[in-house]
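Below is one structure, written out as structure tokens; the observations come after it.
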Amino acid sequence: MKWVRGEGPGGLEWLCPDWPVPAGFCTAWAQPEGAHWEGEAMQRACEGVAIAAGLGGLEWATLRQIHSTEIKEAKGGGCLGEADGLWTGQPGVALAIQTADCVPLLLMDKGLRRVAAVHAGWRGVWGGIVQLQLQLWLRGGTQPKDIEIALGPSIGPCCYEVDEEMGRRFAQRWGEGVISKPRGMPKPRLHLAEALRLELLSLGLASSQVEAAGVCTFCDRRFHSYRREGGRAGRQLSWVVCRF
Ligand SMILES: [Zn+2]
């Protein structure tokens, strides 16, 4: 992934996977009212991304994210209601999700020309939202070799403290490598993005098909972090456009 600086004012920047479709994991460049982006404010934020990225004529599809494993298909723009996964095969439709510590995932099926955006906190990872998205595509004819997945900035193993019981459950499922316990620290740290990456490899994807930003939202102050800022934390946008 490489850093891209947007056009025009606002200082909008994003991490960009090397894909044939426009996509990015934005830094925090504005604080949504009430911490989340909602309704028209979300649409305006998406249009800000489109302007910065020099993309015209898009319809933006979004979600009300609720830490579920629900997935919606976007046939056009607008808020599609409560869910945490979103996909489309409709040319000109752009997908956006918002996060602040959870893992934002962007997915591409370059064979059938479809894209997806998924929000995965620990509940989504544990519940298997990314597996569900992949299974949905595979049942619909996607060839595994055509899939590429990018994991955006999220709270890293340096900062994501969890309780002992949760650490144990994740280690049982994905191995001890997803947990670390720094000396002198009472609680374990969870590497949530690594658990996701291991899950994707166990589903048969090659490591070359799964790219992780490796940026911690808590450490890197260009990003909002729920753990660092608390309940008033803003959100950053991750987006992908179905334009092959
Ligand atoms: Zn960190």
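A few points about this structure:
- Residue within the stretch 93-107 that is within 18 Å of GLY141 (Cβ to Cβ) and surrounded by 23 or more Cβ atoms within 10 Å (Cβ to Cβ) present: yes
- The single residue among ALA212, ALA233 that is over 14 Å from the mean Cα position of the chain (by Cα), more than 13 Å from the ligand (Cβ to nearest atom) and touching a residue at least 24 places away in the same chain (Cβ under 8 Å) turns out to be ALA233.
- Residue match in the stretch 5-12 (condition: crowded, with 16+ Cβ neighbours inside 10 Å, closer than 29 Å to LEU132 by Cβ and touching a residue at least 12 places away in the same chain (Cβ under 8 Å)): no
- Failed item, numbered, when SER202 is tested on (1) under 15 Å from CYS26 (Cα atoms); (2) out of contact with any helix residue (DSSP H, G or I) (no Cβ under 6 Å at 6 or more places or on another chain): (1)
- The set of residues in the stretch 72-118 being farther than 28 Å from HIS224 by Cα and touching a residue at least 24 places away in the same chain (Cβ under 8 Å) consists of GLY89, GLN90, PRO91, GLY92, ASP109, LYS110, GLY111, LEU112, ARG113, ARG114.
- The set of residues from the stretch 120-134 being surrounded by fewer than 24 Cβ atoms within 10 Å (Cβ to Cβ) and touching a Ser or Thr at 6+ places or on another chain (Cβ under 7 Å) comprises GLY127, GLY128, LEU132.
- Some residue of the stretch 65-73 being within 16 Å of the chain's Cα centre (by Cα) and charged (D, E, K, R): yes
Quick grid of which residues meet (1) part of a loop (DSSP other than H, G, I, E, B); (2) more than 21 Å from PRO22 (Cα to Cα); (3) modelled with pLDDT under 95:
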{"position": "LEU201", "(1), (2), (3)": "no, yes, no"}
{"position": "SER208", "(1), (2), (3)": "no, no, no"}
{"position": "ARG227", "(1), (2), (3)": "no, yes, yes"}
{"position": "GLY231", "(1), (2), (3)": "no, yes, yes"}
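- Verdict on ARG221 being within 12 Å of the ligand (Cβ to nearest atom) and loosely packed, with under 13 Cβ neighbours inside 10 Å: yes
- Test result for ALA150, within 13 Å of the chain's Cα centre (by Cα) and farther than 24 Å from ARG232 by Cα: yes
- When the stretch 59-71 is filtered for residues that are touching a helix residue (DSSP H, G or I) at 6+ places or on another chain (Cβ under 9 Å) and either charged (D, E, K, R) or free of Cβ contacts under 8 Å to residues at least 12 places away in the same chain (or both), only GLU70 remains.
- Among the residues listed as LEU196, LEU200, LEU205, LEU190, the single one being within 13 Å of the ligand (Cβ to nearest atom) and in contact (Cβ under 8 Å) with a residue 60 or more places away in the chain: LEU190
- Out of LEU203, LEU190, sole residue that is crowded, with 21+ Cβ neighbours inside 10 Å and in contact with a Pro (Cβ under 9 Å, 6 or more places away or on another chain): LEU190
- The set of residues in the stretch 18-38 being farther than 21 Å from SER225 by Cα and part of a loop (DSSP other than H, G, I, E, B) consists of ASP18, TRP19, PRO20, VAL21, PRO22.
- In the stretch 131-165, the residues that are under 18 Å from ALA100 (Cα atoms) and more than 16 Å from the ligand (Cβ to nearest atom): ALA150
- Beta carbons closer than 9 Å, at least 6 apart along the sequence or on distinct chains, pair a first residue in the stretch 151-175 that is buried (at least 17 other Cβ atoms within 10 Å of the Cβ) with a second that is assigned to a helix (DSSP H, G or I) and among the acidic types (Asp, Glu) for PRO157/GLU194; TRP174/GLU194; TRP174/GLU199.
The values are calculated or read from the model by the stated rules, or taken from the named source; none is laboratory data. Treat the numbers as computed from the prediction; the structure is a model and nothing was measured. All Cβ positions, glycine included, derive from the backbone under ideal geometry; neighbour counts span all protein chains shown.
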